[in-house]
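K.L.:
Let me begin by handing over the structure; questions about it come next.
The values are calculated or read from the model by the stated rules, or taken from the named source; none is laboratory data. Source: prediction; values computed, not measured. Heads up, the Cβs are rebuilt from the backbone with ideal geometry, glycines too, and the neighbour counts pull from every protein chain shown. The area values use the complete protein model at the heavy-atom level, side chains included, leaving out ligands, DNA and RNA. Shrake-Rupley method; radii C 1.70, N 1.55, O 1.52, S 1.80 Å.
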Amino acid sequence: MIFRYYLPTRLFFGWDALKREGGYLKSLGSRLLVVMGPRSARECGLWDDLQNLGRRYGIEWIIYDRVRANPDLAAVKEGLEVAKEEKVEGVLGAGGGSPLDVAKAIALLANNSVPPENLYEGDFPNPPLPLGAIPTTAGTGSEVTPYAVFSLHHLKTKRGFAHEGCFPRVAWVDPRYTLTLSRELTIDTALDALSHAVEGYLSRRASPYSDILAREALRLWGKRREQLLEGDYTPEFRQDLLWASTLAGMVIAHTRTTVLHTLGHYLTYHKGTPHGRANGYFLAAYLEFVRPAVEARVGEILAALRLRDLLELRDFIRELLPPPPMVEQGEREKWARMALTHTHALELTARLPQYRDLLNILESSLS
Ligand code: NAP
Ligand code: ZN
């Protein structure tokens, strides 16, 4: 048995995690850039908490709050300029995966002379600025991953960037901040966490350690599956989904994602479909495709999710989500060809897909 495990993030999980452990903000510095979206970090109470903690611990906040969903490198550039002009000592990502990912890139670039447009090719000899993360969605697990995902217009899709310096040094994970999520956002982001757990469990890079984490994430997801559909979102439900999301983030921190995410990124980039929802559309067909290679594991996933078979999973997701967007046949063919070039994700997929397989997944999921 040979495997690696590395997760350098100090994690505080639970109700009032930030209020209880806010002293750790000081480990990031006393003049901090907080990276947020335009509204939700204020609406969920997180910004109030940060202001109070700032007063208590003598931390000055510089705000960059213009991050939109599925950010591109222009958002990184804009935030980086603020970080440099204001000479911040550290960076805190506060919000969904989008602000967290922008915060990661800013922290890495602030100390290295790589322009944002060269992020993916850059060399980073210097350590990043101290980085913290506070998620307000239960989906991406970005608070414990070394990834940042951006819309890349020259490639006409999204792509993940990976660097050890993108692991947050500290993460405060408090279900309270997810209470304001709408039913739609709750479902979309929960499907992201599910796809991370599923892809990680079936990845060619799965290890005995990542398996433990993935099984627990799947178990929690299965326990809350019916409630997710019914819309009965109790505090216990929020806590379980957020923990499942962080666990699934720990899984992909080691396994990465697979071709399911590659396909999801096309739907997001070209049709504006939210990230987790896009993965959700492809989940049943993806499992159908990989099943011959990992029959027992697919069975374990279904059992953990309290489902009889893949047909029941497909019906459940159809009930959960609105109908998928229209994608012309020519576009599907183009996406299948594009996915073939994303060799990294293909090689980690339990069964190596050919063009015809990718087209089948696209066709059966989008009609
Ligand atoms: P998001 O794009 O960060 O935010 C989506 C929407 O949710 C925004 O309108 C946001 O509002 C709102 N929102 C966030 N928290 C809320 C709350 N507590 N209450 C009400 N509304 C709230 O969504 P996400 O699904 O968390 O992140 C998706 C991004 O993460 C994608 O770009 C995806 O590729 C990436 N991702 C990264 C990783 C990783 O490891 N780095 C893993 C998976 C996915 P505001 O705009 O006002 O904040
Ligand atoms: Zn994802």
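K.L.:
Mind ranking 71-77, 322-328 by how tightly packed they are, going by the mean number of other C-beta atoms within 10 angstrom, highest first?
P.N.:
71-77, 322-328
K.L.:
Something else about it: Given ALA17, LEU33, LEU108, which one lies farthest toward the positive end of the charge dipole of region 10-177, if we put +1 on the Cβ of every Lys and Arg and -1 on the Cβ of every Asp and Glu?
P.N.:
Checked the options; the winner is ALA17.
K.L.:
Please give the charge dipole size of the chain, origin at the Cα centre, charges +1 on K and R Cβ atoms and -1 on D and E Cβ atoms. Round to the nearest 20 debye.
P.N.:
I would put it at about 340 debye.
K.L.:
Report the dimensions of the chain along its three principal axes from the alpha-carbon atoms, largest first, rounded to Å.
P.N.:
So the three principal-axis extents are 57, 45, 43 Å.
K.L.:
Where does helix 329-340 land angle-wise versus the long Cα axis of the chain, in degrees 0 to 90, nearest 10?
P.N.:
Once rounded, the angle reads 70 degrees.
K.L.:
Over region 10-177, give the accessible area per residue in Å² for a 1.4 Å probe, as an integer.
P.N.:
I get 39 Å² per residue for region 10-177.
K.L.:
For a protection proxy built on the mean count of beta-carbon atoms within 10 angstrom, sort 217-230, 151-164, 276-289 highest first, please.
P.N.:
276-289, 217-230, 151-164
K.L.:
Against the longest principal axis of the chain, how steep is helix 208-230, in degrees 0 to 90 to the nearest 10, with axes from Cα atoms?
P.N.:
80 degrees
K.L.:
Nearest 500 deg cm²/dmol is fine: what mean residue ellipticity at 222 nm does the chain get from its DSSP H runs of n ≥ 4 alone, each adding -39,500 (n - 2.57), divided by its residue count?
P.N.:
Rounded to the nearest 500, the figure is -16500 deg cm²/dmol.
K.L.:
When averaged across all projection directions, what area in nm² does the alpha-carbon convex hull of region 10-177 cover?
P.N.:
That works out to 8.4 nm².
K.L.:
Let me ask you something else. Can you give the accessible area of SER203 in Å² (nearest 10), computed on protein heavy atoms with a 1.4 Å probe?
P.N.:
Surface accessible to solvent at SER203 totals approximately 10 Å².
K.L.:
Enter the Cα centre distance for the pair region 40-62 and region 128-181, rounded to the nearest angstrom.
P.N.:
First find each Cα centre; the distance between them is then 19 Å.
K.L.:
Rounded, prolate or oblate: pick one for region 156-203, where a ≥ b ≥ c are the square roots of the eigenvalues of its C-alpha gyration tensor, a/c under 1.5 means rounded, and failing that, prolate if a/b is larger than b/c, else oblate.
P.N.:
Oblate, since a/c reaches 1.5 and b/c is not below a/b.
K.L.:
In square angstrom, what is the accessible area per residue of region 185-267 with a 1.4 angstrom probe?
P.N.:
On a per-residue basis, region 185-267 sits at 27 Å².
K.L.:
What list of whole percents do you get for P(r) of region 221-367, with Cα-Cα distances grouped in 5 Å bins up to the one holding the largest distance?
P.N.:
2, 9, 17, 22, 22, 17, 9, 3, 1, 0
K.L.:
Can you give the net charge of the other residues whose Cβ lies under 11 Å from the Cβ of SER245, counting K and R as +1 and D and E as -1?
P.N.:
Every neighbour counted, the sum reads -2.
K.L.:
With a 1.4 Å probe and every protein chain kept in, tell me what percent of the accessible surface of region 182-366 is carbon plus sulfur.
P.N.:
Answer for region 182-366: carbon and sulfur cover 51 percent of the accessible area.
K.L.:
What's the angle, to the nearest 10 degrees (0 to 90), between helix 275-290's Cα axis and the longest principal axis of the chain?
P.N.:
In the chain, helix 275-290 runs at an angle near 40 degrees to the longest axis.
K.L.:
Something else about it: Once phi is turned into ³J(HN,Hα) by the Karplus curve 6.51 cos²θ - 1.76 cosθ + 1.60 with θ = phi - 60°, what whole-Hz value does each residue of region 65-80 show in order, with x for glycine and proline?
P.N.:
In residue order, the calculated couplings are 10, 10, 7, 9, 4, 6, x, 10, 6, 5, 5, 4, 4, 5, x, 5 Hz.
K.L.:
A follow-up question, please. List the residues, sorted by chain then number, that are 5 or more residues from LYS158 or on another chain and whose placed amide H is less than 5 Å from its amide H.
P.N.:
Sorted by chain and number, the residues that satisfy this are LEU152, TYR269.
K.L.:
Okay, moving on. Counting only other residues whose beta carbon sits under 11 Å from that of ALA304, what net charge do I get with K and R as +1, D and E as -1? Each step should come with its number before you reach the end.
P.N.:
Values: positive: ARG215, ARG219, LYS223, ARG225, ARG297, ARG306; negative: GLU216, GLU300.
Neighbourhood net charge equals +4.
K.L.:
Still on this model: How high is the relative contact order of region 10-177, in percent, with contacts defined as C-alpha pairs under 8 Å that are six or more residues apart?
P.N.:
The normalised contact order for region 10-177 reaches 28 percent.
K.L.:
Same structure, new question: To the nearest 20 debye, what charge dipole does region 263-367 have about its Cα centre, counting +1 at the Cβ of each Lys and Arg and -1 at the Cβ of each Asp and Glu?
P.N.:
Magnitude of the dipole: close to 140 debye.
K.L.:
Sticking with this structure for a sec: Report the full-extension gain for the segment ILE212 to GLU226: residue separation times 0.36 nm, less the Cα-Cα distance, to one decimal in nm.
P.N.:
2.7 nm
K.L.:
Still on this structure: Ordering TYR233, TYR120, TYR209, TYR64 from largest to smallest accessible area (1.4 angstrom probe), what's the sequence? Mind showing how you got there, number by number?
P.N.:
Numbers: TYR233 45, TYR120 65, TYR209 90, TYR64 10 Å².
The ordering from most to least exposed comes out as TYR209, TYR120, TYR233, TYR64.
K.L.:
So, counting K/R as plus one and D/E as minus one, what does the shell of residues with Cβ under 13 Å around PHE3 add up to?
P.N.:
Neighbourhood net charge equals +2.
K.L.:
Below 8 Å between Cα atoms, with a sequence gap of 6+, how large is the relative contact order for the chain in percent?
P.N.:
16 percent
K.L.:
Leaving ligands, DNA and RNA out of it, report the carbon-plus-sulfur percent of the accessible area of region 97-174 at a 1.4 Å probe.
P.N.:
So the carbon and sulfur contribution to the accessible surface is 52 percent.
K.L.:
Which order do the peptides 50-58, 257-265 take when ranked by the mean count of other beta-carbon atoms within 10 Å per residue, highest first?
P.N.:
Order by mean packing, descending: 257-265, 50-58.
K.L.:
Right, something else. Any chance you could count the Lys pairs in the chain whose alpha carbons are under 20 Å apart, treating pairs 8 or more apart or on different chains as valid?
P.N.:
Close lysine pairs found across the chain: 15.
K.L.:
Once you keep just the Cα pairs under 8 angstrom separated by 6 or more residues, what percentage relative contact order results for region 177-248? Don't skip to the end; give the middle numbers.
P.N.:
Details: 56 pairs, mean separation 29.5, N = 72.
Across region 177-248, relative contact order equals 41 percent.
K.L.:
Continuing with this model, one more query. What is the set of long-range amide H partners of THR136 at a cut-off below 5 Å, with H atoms built 1.01 Å from backbone N?
P.N.:
Sorted by chain and number, the residues that satisfy this are GLY95, GLY96.
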